[in-house]
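The values are calculated or read from the model by the stated rules, or taken from the named source; none is laboratory data. These numbers were taken from a predicted model, which means no experiment stands behind them. Cβ sites come from the backbone with ideal geometry, for glycine too, and all protein chains shown count toward neighbours.
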Amino acid sequence: MSPVSEAGLTCLREMRRNLRSAKGIVMGLLFLLGGAAASLIYAAVSELTNPNRQGHDVPEEAFRDLRQKVWAEVWNADIGGYLADSPSIFVALFKGSLWFIPFMTLMIGFEQVCGDLQHRTIRYTAIRARRESIVAGKFLAIWGVVAVLLFALHAFVWFVTLIRADASFSQVLVWGPRMWGLSAIYTAAYAGLTILVSSLTRRPVISLFLGLIFFSLFWVLDLAADVARMAESERFSWLQYVGYAIPDYYEAWLVTPKAPQMLGAMAILLAYGVGATAFAGWVIHRRDI
């Protein structure tokens, strides 16, 4: 059997196992509750701040200008102008999901490899498939499970947006899948990092602990790079370049109207996930199982 077939079969098996498990069901419910909470907050804010509902006739162009200013403050003027045509809830959901994707991915996949190492079940699967293919399949499974849960979250918000008539069907069709797809691409980097962390130890608890430290350190370094960039201090200018090694740095690139930069961000995040998985496969290949 080819390595691709082995990885594919491992992926399907692990996806079924994760989605049918108690953990997968709980995660699915949490994602749906998150979508419901986001929709309720958005509806409440819209009711309080929409002048049209208070008897004032405000043109759509005024709302577009407001969205442009908000997203320009979050990212930059070019991105603000680009995202001004998207329903606000879709962009807010994309931005918010980037905060919890790393830790949700870790919670779903921290025991994918180390669990098999701890109970030595990998001995039996390694007879039928290459170790590297098993690791690659588990990476694809984590990525697939999180992508499915993200789709359920986004689809819930799309449905609520259509029911409330806050956006046209064409807007939902254009911007909804786009924001979900960008979130899924972002997930690939952390799925690979989760597999790498899980391959470094035999104990799931230690794997979870290492992952929390690792991902929190990423967040701190990204914050330090942003502060150094805004401060424009020569003493800490080197911190600006640290951001290139962190997946979070490419968030703005994903939503830029510049196609080469957007495609570059996608390629880098995918390469990040594949590279981390390849290193995890090398670790498992050399490990005594």
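For this structure, a couple of remarks:
- The single condition among (1) surrounded by fewer than 21 Cβ atoms within 10 Å (Cβ to Cβ); (2) over 30 Å from residue 6 (Cβ atoms) that residue 79 does not meet is (1).
- Residue 195 within 26 Å of residue 115 (Cβ to Cβ) and without any contact (Cβ under 8 Å) to a residue 60 or more places away in the chain: no
- Within the stretch 219-253, if we keep just the residues that are touching a Phe, Trp or Tyr at 6+ places or on another chain (Cβ under 7 Å) and closer than 17 Å to residue 188 by Cβ, the residue that is modelled with the highest pLDDT turns out to be 247.
- Among the residues making up the stretch 109-124, a single one is in contact (Cβ under 8 Å) with a residue 40 or more places away in the chain, farther than 24 Å from residue 190 by Cβ and assigned to a helix (DSSP H, G or I): 123.
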